[in-house]
Structure formats: C-alpha cells, structure tokens
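> Structure incoming, see below.
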Amino acid sequence: MKPSAILRSFAFRIYGAFALCILLLLLFNWTLNSFVFADHYRSQKEAVLTTTYESINSWSGDRDSLSAYLEQHTASQNMSILIWNEHRIVYTNAQTAYEPGFGSFPFLAPLDMANNSYTVTDRSATGANGSHTAGDAMTLYGRTQAGINVMLRIPLSDTHESTAIANRFLLWSSLATLAISCVVAVLLVRSFTRPISRLSRMAQSMAALDFRDRYVSTGHDELAELGKNLNTMSQTMEQTLSELKTANARLLGDMEKSERQDEARRSFISNVSHELKTPIALIQTYSEGLRENAAGSPEEREYYCHVIEDEAQRLSQIISRMTMLMQLESGKADLQIERFDIRALCERLLERYAPLFEERRVPLPTLPNESSYVWGDALLIENVLTNYTTNALNHVNEGGCIRIDWHIVSEDVLRIAVYNSGSHIPEEEATHIWESFYKVDKARTRAYGGTGIGLSVVAAIMQVHRMPYGVRNTDEGVEFFIELPIK
C-alpha cells in the first residue's frame with residue numbers, strides 16, 4: 001500500500017487518535033503534578049490538622065479517653081500534639097515532649113487568641129537556639145471553646161522534589177504505556193478493520209455486478225449485522241439481475257423468433273406457391289388437352305388421365321403434410337402418449353410397403369427378434385418411420401439394402417434407426433434437410449414425387465415429443481434415427 005493511502009486509511013486514524021489520547025493524558029498528569037499537586041498536598045495536610053482540632057474542641061470525655069483517641073487517630077499521621085492550660089501540659093505525645101523544636105516550652109503561656117478559634121501556618125519549625133529545622137512543617141495554633149490551648153504540628157515533604165521525581169517516572173511509564181498500547185491498538189484495530197475491509201471488497205464486487213462474494217461472520221455486532229444486510233442485498237440484486245437478464249434474453253429470443261417466424265412464413269408461402277404451382281399447372285394443361293381432344297388415341301388419353309391423377313395425388317400429399325406441419329408447429333396437435341411395441345409397428349409398416357420394396361428390387365429388412373416397448377404417440381411415430389422408410393427407398397442405390405434396427409443408448413432411451421446404402425448427404429446440407437421444402441437433389445426429388453416437407457414433419461413430431469432425432473453418414477450410406485423413452 002502506498003504511504004499516502006496508509007495515511008488516509010481508517011486504521012491509521014485510529015492509531016493516531018489512540019496515541020494522541022495517551023499523549024494528552026500524559027500532558028494532563030504532568031500539569032496536575034507540576035501546578036496542582038503541591039497545593040492539593042498542603043490542603044490535605046491542613047484538613048488533617050483542622051479535623052484533629054475540631055475533635056479536640058468538641059471532646060466531652062475525660063483526659064484518658066482523649067489520650068486514647070488521639071493516639072489511635074493520629075499515629076499514622078506523624079503528628080506532634082501539645083495541649084496545655086495555664087502553663088500545665090494536659091496532653092502531649094512522646095515525640096513532641098522531647099522535640100528540639102519545642103525547647104523548654106517557654107511559650108506555654110496562654111495563646112493570644114479568642115476561644116473556639118485557630119490559625120494555621122506552614123513556617124519552618126524553630127529549634128532551641130532559634131535556628132530553623134531542616135524539614136518544613138505545618139502548625140495549627142488554637143484555643144478550644146473551653147479555653148484549652150492546642151498546638152498541632154505535621155511535617156511537610158519537599159513537594160518540588162517529589163513532583164520532579166513523579167514527573168520523570170510518569171514520563172517513562174507513559175512512554176512504556178504508549179508503546180504497549182500501540183501494540184494492543186494494532187491488534188484491536190485489525191480486528192475492527194479486517195471485517196470492514198472484507199465489507200469494502202464485497203461492496204466493490206457488487207459495484208462491478210459480481211455477486212458471488214459473501215460476508216461470513218460469527219459475531220453479533222453491528223458489522224455482522226451490516227454484513228448480513230449486504231449478503232441479503234447481494235442475493236436480491238443477483239436474483240433481480242438474473243431475472244432482468246432472463247427477461248432480456250426472452251425478449252430478444254421472442255424478437256428473433258418473431259423475425260424468424262416472419263421470415264419462415266414468407267419463405268413458406270413462397271415455397272408453397274412454387275410447389276403448388278407445378279401440379280396445378282400440369283393438371284390444368286392436361287385437362288385442357290383432354291377437353292380440346294388433343295389426345296387422339298386411347299393410349300394418349302390414358303396417359304393424360306394418369307398425369308392428372310398423379311399430380312392430384314401429389315397435390316393432396318402436399319396439402320396433407322402442410323396441414324400436419326402447421327398443426328404441430330402451432331401446438332394444436334394433441335399428443336396421445338401410450339406405451340407400444342416398436343417391433344409390431346415396424347412389422348405393419350414393412351407389410352404395407354412390401355410392394356414398393358419388391359418394385360425397387362430391395363430386400364425387406366429383417367427386424368430384431370425381441371419386442372421393445374417405448375412411450376410416445378404411436379400414430380405420429382409411425383408417420384416418422386414412414387417418412388424415413390420412403391426416403392430410404394427413394395435414395396437407396398441399385399443393388400443396395402435398407403435396414404431398420406433399434407438399440408438402447410442409455411438406461412431409459414431407445415434409438416430407432418433406418419439405414420440405406422447409397423450416396424452421402426453433404427455435411428454443409430445436413431442441417432438444412434429438416435427445413436420445409438428443402439431438397440438436396442431437386443431433380444431426383446421431383447422424379448420420385450417428393451414434396452420436400454416429409455423431414456420437416458419428422459422434425460416437428462420429435463420436437464413435440466421433446467426427444468432427439470438426426471442423420472449421420474456411415475461408411476456405405478446414410479442413417480436417419482430418432483430416440484424414444486423406455487420408461
């Protein structure tokens with residue numbers, strides 16, 4: 001990460017704020033020690049003196065109980081106490097009686113102040129020779145409401161030296177605390193910023209329309225709640241985007257389908273017009289010839305009638321197959337799904353087409369011995385196999401053969417294939433043969449009376465069954481196939 005980026009990072013700001021708080025706390029403590037501590041120390045000492053005086057002033061018990069009270073409550077204060085009345089000592093603690101600062105007690109005369117009053121001074125204690133003692137002390141002089149004289153003295157430490165020592169100790173301890181705190185801050189801030197970084201990366205992915213990232217957290221804090229909300233938003237946006245893409249693809253598909261349908265409709269109308277024009281023209285021509293007695297002999301009239309019948313039959317086939325194709329493609333054909341024996345269906349088909357096989361001098365195919373049951377519309381599947389068989393008869397080479405066979409291609413699918421020896425279908429035209437009126441060899445198709453609709457009807461039938469179909473070139477011929485479910 002670049003230095004500028006580090007300085008702008010959230011973690012660096014937290015580190016800086018943490019260190020600044022430690023430094024401000026150090027400065028605050030140093031200020032208190034330097035300018036407030038001394039006054040606070042003296043005020044505390046003065047409070048001890050005045051509290052003790054108030055206790056003596058309000059004491060109502062005897063002398064012994066007063067002595068016991070003072071020894072108990074002032075032992076930890078290192079306080080010197082002297083109580084006297086008319087040059088007679090009422091109470092003093094041991095260290096005070098022999099303290100050089102008191103000397104021979106020349107001042108045991110009554111204090112020059114009113115009863116129930118006192119004064120506090122923090123002057124240095126004075127020795128017997130009138131010199132100051134080394135240590136400072138704070139002294140309270142007072143007279144009780146009963147006229148008893150009281151002197152309380154408590155030693156004072158050198159606060160300037162103590163403050164300097166405390167400030168030096170505070171400096172080093174604060175620096176150590178700052179170092180330790182920075183290490184702790186790094187660990188804590190990482191625990192805070194790591195989930196924030198993950199959330200930031202997730203937000204960047206969402207901005208790039210990538211919704212695969214998910215925030216994973218075991219906590220229950222605000223960041224976990226934010227991550228949960230981002231996950232929900234990501235899932236919602238992903239679902240919404242998926243729906244939009246699906247709707248857009250469907251719209252584009254519908255538009256393309258509509259365009260293809262329009263194009264197919266125009267092509268279909270053009271092909272229908274072309275296909276119907278020839279038989280109609282031939283019927284019209286030969287009909288006019290018969291009416292005008294153009295055929296002079298019975299043989300010619302027979303020929304004219306044969307042409308008219310043939311073209312009428314061809315016209316009927318075109319219309320019939322066009323009707324079936326339109327019903328299938330429009331979804332108006334009702335499927336009658338049933339379980340039937342494909343072998344029995346092929347036997348009926350070969351029995352019906354046996355004369356054509358004999359006429360073309362092609363041996364009848366030998367079917368597999370075992371029965372095989374499939375699911376489908378038996379009439380429509382028979383139409384498919386009829387188209388495949390007639391197509392094979394029309395394209396088998398001289399002296400060739402036709403085979404009808406089936407085998408299982410997967411656990412629950414049976415493939416039925418019709419093979420004929422002969423010329424291959426060019427690879428570039430293999431995908432077009434399923435289109436309406438498409439003919440690989442137009443002259444040959446016309447010669448055997450093909451309409452160009454048979455294979456498009458096959459495609460439509462298998463599409464409504466939602467099952468595969470196709471064609472493939474083999475070593476010596478062509479194989480057309482369909483697949484049907486066994487279960």
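The values are calculated or read from the model by the stated rules, or taken from the named source; none is laboratory data. Keep in mind that this is a model prediction, so the values were computed, not measured. Glycine also receives a Cβ, built like all others from the backbone with ideal geometry; neighbour counts cover every protein chain displayed.
> From LEU350, LEU315, LEU328, LEU393, which residue is within 19 Å of LEU455 (Cα to Cα), part of a helix (DSSP H, G or I) and modelled with pLDDT of 85 or more?
Criteria check complete, one pass: LEU393.
> Could you list all residues from the range 353-373 that are part of a loop (DSSP other than H, G, I, E, B) and on the phi < 0 side of the Ramachandran plot?
The answer is ARG360, VAL362, PRO363, LEU364, PRO365, THR366, LEU367, PRO368, ASN369, GLU370, SER371, SER372.
> Count, please, the residues in the range 18-56 that happen to be within 16 Å of THR121 (Cβ to Cβ), among the aliphatic types (A, V, I, L, M) and in contact (Cβ under 8 Å) with a residue 60 or more places away in the chain.
Number of matching residues: 2.
> Identify all residues within the range 369-384 that are modelled with pLDDT of 90 or more and either more than 56 Å from the chain's Cα centre (by Cα) or within 22 Å of SER456 (Cα to Cα) (or both); write none if there are none.
Matches in the range 369-384: TRP375 only.
> For PHE480, indicate whether it is modelled with pLDDT under 90 and either assigned to a loop (DSSP other than H, G, I, E, B) or crowded, with 18+ Cβ neighbours inside 10 Å (or both). Please lay out each step first, then the result.
Details: modelled with pLDDT under 90: no; either assigned to a loop (DSSP other than H, G, I, E, B) or crowded, with 18+ Cβ neighbours inside 10 Å (or both): yes.
Considered against the rule, which asks whether it is modelled with pLDDT under 90 and either assigned to a loop (DSSP other than H, G, I, E, B) or crowded, with 18+ Cβ neighbours inside 10 Å (or both), PHE480 comes out as no.
> Only residues that are free of Cβ contacts under 8 Å to residues at least 40 places away in the same chain and among the hydrophobic types (A, V, I, L, M, F, W, C): list them for the range 60-89, please.
Scanning the range 60-89 gives LEU66, ALA68, LEU70, ALA75, ILE89.
> Filter the range 57-94 down to residues that are assigned to a helix (DSSP H, G or I) and among the acidic types (Asp, Glu) and give me whichever is surrounded by the fewest Cβ atoms within 10 Å (Cβ to Cβ).
The first filter runs over the range 57-94 and keeps only residues assigned to a helix (DSSP H, G or I), leaving 57, 63-77, 94.
In the following step, the residues that additionally are among the acidic types (Asp, Glu) were identified as 64, 71.
Values: ASP64: 9, GLU71: 13.
Looking at the filtered set, the residue picked out is ASP64.
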